Every structure is written in structure tokens, then in C-alpha cells.
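For reference, the structure discussed in these notes is given below.
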Ligand code: GLN
Ligand code: ZN
């Protein structure tokens, strides 16, 4: 029998119940009991819904109060010693402190989960690291479901991926060296699950889709041979996702497990290879429903892949499922009553995807004829989507085809541009600026909420924003900053703001996806050809510029960041969508220039995270993403200065692409690494201007003048003074005025003093 399965379901609840319960608990407003009740209710509802939909394998332990990697660390007792943990069971307060920190206990590091926007807590391993069973969550949740008469398939983060996702402190054994010590804990968990009545267990090993050394590959074999021996009665499924296996296929096929899950959405090409090589005692779990995007599945195509596998392996060796956990899509399309009918019919969120899996399983099991009506209805929707005038905008396509290489090229080389800019802008050496946003105070948020709910008229709201902007301009003038910003009070989110105004984008009411802990984001949906019906930012930039003689920097989000932080249409290649966005941003850039804005910043904080998981795919990505940026930025005159901003510190391996963006000035995060990253710019002889962040905005701490001076000093040791700008690490949106005022004032003073010591431009 073909089995219908799921790898994981969103945790946050249809109305972000988990977020609310967690935040109430953390703030002391809600009790532990309340949090416990909410999470039990959520777990039960998720299980019941999936069972009722007809899934054969409903996952458990995919729920988490913060993060599943942190859960795994808790399970094996990997609690760093700074948390003063007694060392028996990991209690909830220790768990949350690991994630969020507490006085003098720094939180554990957080980073992006593969190429998603979900962040996981990075396991830390210390000298003399030991492991023991310190949380029985997987068993408890299995039993909890059993108590509701629901037989689940527990999900564990596999031991090899767990180690590879972690970091060892300096001097400690490197993560993979800990495998032998770790395995007994996993064996104990599997033993207990078997005892509790589990039959299948899902072991997530997404690291199998990465570039792996032979050592790493060998670790998978070691791990699963030992797990196999210790739990002979359990059926183990190893799940891979976010890419195809390529050169790791052999490793995966040789694992002594009962089933292997493949992501056939990201890696459809691996199916034939897998069918040809799958060992006889292994089943194939086929990820045919996209767990990373919101579109309905092409059911006929998915069903024929399943049928192909059934023909080749027999029905008992085939499972149907999503490509990866459904964690990365919103919960339920039924919570979007305001989306128009067309668009709705094209979309599937987690709940709808579960139904698709069940239907596909039926098609694979009983033949396509058995679900003929459903398939037909689906096909009609897909055809309507394909032909919809809402998606296809001939003007946009025509324009895209007419794009020439010249359009992605500034008129003159940087050396000539910069002299034009310096005289146009009249800047001192070591010019000062900020990254764009100023504190989004409770008043700003309140005014926006009142405007959105109709309590504040548009006129009054705009007046409010103008006053905000005027205040921010005055503040920057008082400090003597050189290139000013308007402060972005009109924006909630740097992508949503543009998604809201561009054609081809839809914003959802409730399409929340977990980003980290209780934090959720609501990515816009790019469904059609992108165009810009009207100018999006000039009104505010122009107003700000009217208040001062200093240049005010226009603020835009770049095409790659908009792409990366949205749900992207799946009916055309990503580069094409990127170029459409780029053209819309290009028009905005030109409108800003025409409105008298002399400096324009195009933020690309997501450029690096968009890097493909495999190094061999990097070049292609960097080529098209750099070109999209250049298409957006290159229409301006020489004297108009283009800035870009990125907030990460790992530039080494993409420095060439960064330089190829050809932005006149780039501002980057640098203070936390003590200017470490500047080395890659120096070694590369980065030709354009750089503003290394000299004020760490991620912390409430106010840096004093000497600290800023020292960071600037470091910067000037590696980068020629006439290339250096002075600015904070990132936008100031999340900071409070009490912090921002003294910090920026110290930054400005340090820059002025330093100017005396460096030769004038
Ligand atoms: N201009 C944006 C801001 O200042 C940049 C944000 C970012 O880099 N993430 O808020
Ligand atoms: Zn930033």
C-alpha cells in the first residue's frame, strides 16, 4: 500500500496562538500551566487535523516551543556550562535561557536553517563534552498523541546533521568527533520509542544535500549502522530535503534504514537515479508537494512521478509526502477570506497541502482514474492561472526582452564617477551616515495601527509621518552628519512595504511563517509579472530633502532581498522574476534622482543567504543576482551616488560578486567582528567606498567615543582613508532613542576628530 505521509506541520497555530502564549509566559503575564495547555491544544489539533485528512503517517515531535535543533540539544543534554545547569533533565527555564539569554548568560547563537528564513539555535560543544538523555520530549509527545488515539511517526533531527549544524568551542573536539559519544543517547531514545509502541521513526538528515567530505559521508554510515543494531524492531526513515543528493546518493542508499525521503521538488531529476539504485529492502518516500512555497501542486505531474515509482518498486515501497516539513508555509488558506477568488484558487498552505498528499496517494494507489474529477478540476485551475491576465503583463515582458547589457552598466567607471559625486555632494573625508531607519517608537506603531484601522485619517497620518521625518532630519543636522536619511517611519518591513505597492504582489492577512522562537514573518506572494504603478518612496524622500541642504539618501530594498523574502512564483525561473523587480526598482531610482535625491541606497541584506547550498551552483546565482542589482542601480547619472547595505560579516567567498555590484559605497556590519571582515576587502583591493559599521546596533549598549575611534583606527589600517565612510552596522529601527542619541553623537564626534588626522579628499 502506498502511504500518505507528512514530515512536519507548522507549530504556531492558525492564529499564532503559540506566539501569544510564549510571549505571555516570558513576560510573566501568563503561567506555565497556560503555556502548557495552549501547546497541548495545538499539538492535538494538528494531529487530529492530519489524521482526519487521511494521512497514514502523522508526525510527532515536530512541534517545538522554540526550535527543533534546540530540542535536539536539550534531548542529548548539550547545555553549555554558562547556563549553570544542574545536569539532569533540561527544565523549561533553562531551555528558554539557552535560546534567549538572561543576565550575564549570553543566548546561544542563532543562524539560518539551510536556505530558509527559519533560524535555528546553533548547538555548542565544549571541551570534555558529554551527552546523556536529558529530555524525553520525543517519547512524551508520541505517548500524548497515543492518548488521543493517534498513532504518530516521531521525528528526530538525525545525529549527524545535529553535529554538523553545531559548533565546537575553541580547543574542543570538532563536532563530528563527538559522534561515538552521542549515539548512545539516540539509541536510548529509539529504544524508548520502540517500547512506547512506535513503528516508524523519521530521522531528518538534511545535511545529506550539502557538499560533504569523505569523513562526513562515512559518519552517516557509522551512525545508522549503530542505530540499526540498537533498534532492530523500528523502521527508520532517513529524510533529506532542500536539494538533491547528487554525489551523496550512494551514501544515502547504503544506509541500513527502511526508507529514504527525497525532495523531488528541488531535485526532480534524482528520481530516476534513485529508482535504479534503491536497495530492495528500502522504500522511497517521495517529496512531491512543495513544502517551501504556497502554490497548488501540479497534481498530474506529481501523480505520474508516484505512479512511475509504484510501477518500478511496487506500492509497498512508495510513500507520498511534502518535499520538506510544512513548517515553512503558512498554516491555512481558509484564514485568508480577503484574497480574491482567482489568487486563492492558485494557493495551498499547510492544511491544503496535506489534502493534496492524501489525494496523490490515492492516485498512486488506485490509479489516476480513481481521482479523475479532482485531477480535472485541478488542471483547469492551473490552466486558468497560466492564462490569467493578472499574471501576464505583456508590457513587462516586452520591456524585459528589450533589456540591454548597457542598462546594467553605469555610464562611467567608478574612478570618474566618484569625482563627480564628491563635487556634487560636497562631502568631507570620512563622511558620516546611517543605514536608513530610526527608532520605530510605540507612537509610530500606534499611528500606523490607527491609520490602518481607519481611526486616523490619511491626512493626519501623513502629517504625523512628516513630523517624524522633520524630527529625524533636525536631529541628524544637529549632530552634523553628512548624508542624512528620512528614517523610514512609513515602513513596517523593508519587503512588505514594496510588496504592498508593486503590481504582481499580494500580501496576506494571516500568512505567518515562523522565523525564530515566537517571531513570525508574513512574506508577500509574488504571483505575476511585476510592475510599479506609481512611485513608492519619492514623496517621503522629497519631503525630507526639502528640509535640509545636506544630501538625503533615498532608501530602497534591492531585487534579491525582495525575492528572497517573498513567496516566489514557480512558473518562471527566479532570475526572470528578479529582473522584473529590478526594473521596477530602477524606475524608482530614476524617479528619486529626478526628484533631486543625490544619494540612493539599495539594501541587499539577503544577497548572501540566497547562495545555493552547493558551491558548484554559486556562480550561476551570483551572476544573475549581481546583474539584477546592477539593472536596478545603473540608470543614474555619474554624480548620483549609489549605496548598498548588507548586514553580515562573511564576505570572503563572495567578495568578487560584492565588487561586481559596483555600488559606489557599501555599508556592512563590522563592529562585532572588530573589523575582521575588512581584511577580505583589503586583500581583494576593493575599489569602491566602504562604510564598515562602527556601532553595533544589535545591542542596547552605547559605544563611547573612544570605542568608535578605535574601530575606525582598525579600519584605517587596512582600507585607504579616502575610501572609508563612518556609519552604524545596520538600521536603528529596533533601538530606542535613549540609545541612539548618545551612540550616534559619539560616532559623529569620533569621525570629526579622526578627520583631522587623515589627509583631506
Ligand atoms: N534600510 C534598512 C533599515 O535601516 C536596512 C535594514 C537591513 O539591512 N536589514 O532598516
Ligand atoms: Zn542591515
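Would you mind classifying region 545-687 by shape? Square roots of the alpha carbon gyration tensor eigenvalues, ordered a ≥ b ≥ c; an a/c under 1.5 is rounded, otherwise it is prolate if a/b is larger than b/c and oblate if not. Here region 545-687 falls in the oblate category. What separates the Cα centres of region 42-98 and region 619-647 is a distance of 42 Å.
Computed extension gain for residue 301 through residue 379, at 0.36 nm per residue and net of the alpha carbon distance, reaches 27.1 nm. Extension gain for residue 474 to residue 272 (0.36 nm times residue separation, less C-alpha to C-alpha distance): 66.2 nm. Cα-Cα pairs above 19 Å in region 98-237: how many percent? Counting every Cα pair in region 98-237, those more than 19 Å apart make up 57 percent. With each label modelled as a point 7 angstrom along the Cα→C-beta vector, the residue 623-residue 453 pair spans 5.3 nm. Seen against the Cα atoms of the chain and their longest principal axis, helix 458-479 is set at about 60 degrees.
For region 163-227, the pair-distance distribution built from all alpha carbon pairs, in bins 5 Å wide starting at 0, is 3, 14, 23, 24, 18, 11, 5, 2, 0 percent.
In the chain, the longest principal axis of the Cα atoms and the axis of helix 372-387 are about 10 degrees apart. Translational diffusion of the chain was estimated from the Stokes-Einstein equation, with Rh taken as the Kirkwood radius over Cα pairs; at 20 °C and 1.002 mPa s the coefficient is 77 µm²/s.
Among 16-25, 333-342, sorting by the average number of other beta carbon atoms lying within 10 angstrom of each residue, highest first, gives 16-25, 333-342.
For region 299-372, the relative contact order is 42 percent, taking Cα pairs closer than 8 Å that sit 6 or more residues apart in sequence and dividing their mean separation by the residue count.
Here the label points at residue 674 and residue 572, each 7 Å from Cα along the C-beta direction, are separated by 5.0 nm in the simple model. Please give the helix 414-425 orientation as an angle from the longest Cα principal axis of the chain, in degrees from 0 to 90, rounded to the nearest 10. Value to nearest ten degrees: 60. Between residue 637 and residue 388, the simple spin-label model (points 7 angstrom out along Cα→Cβ) gives 4.2 nm. Using only Cα atoms, locate the centre of region 400-442 and the centre of region 233-299, then give the distance between them in Å, rounded to an integer. Rounded to whole Å, the Cα centres lie 47 Å apart.
Over the chain, DSSP H runs of length four or greater, each weighted -39,500 (n - 2.57), average out per residue to a 222 nm ellipticity of -13500 deg cm²/dmol. Under conditions of 37 °C and 0.692 mPa s, region 603-648 yields 275 µm² s⁻¹ as its translational diffusion coefficient, taking Rh as the Kirkwood radius over Cα pairs in the Stokes-Einstein equation. Look at the alpha carbon pairs under 8 Å that are at least 6 residues apart: their mean separation over the length of region 276-412 gives a relative contact order of 27 percent. The mean sequence distance of close C-alpha pairs (under 8 Å, at least 6 residues apart), as a share of the length of the chain, puts its relative contact order at 11 percent. Within the chain, antiparallel bridges make up roughly 15 percent of the DSSP beta bridges whose residues both belong there.
Using R₀ = 60 Å, calculate the FRET efficiency as 1/(1 + (r/R₀)^6) where r is the Cβ-Cβ separation of residue 684 and residue 52; round to 0.05. Calculated value: 0.55. For residue 106 and residue 710, the difference between the fully extended length at 0.36 nm per residue and the C-alpha to C-alpha distance is 215.0 nm.
All of the numbers you see were taken from the coordinates with simple rules; none came from a lab. What you see is a predicted model; the values in this text were computed from it and never measured. Counting neighbours? That spans all protein chains shown, and the Cβs are built from the backbone with ideal geometry, glycine included.
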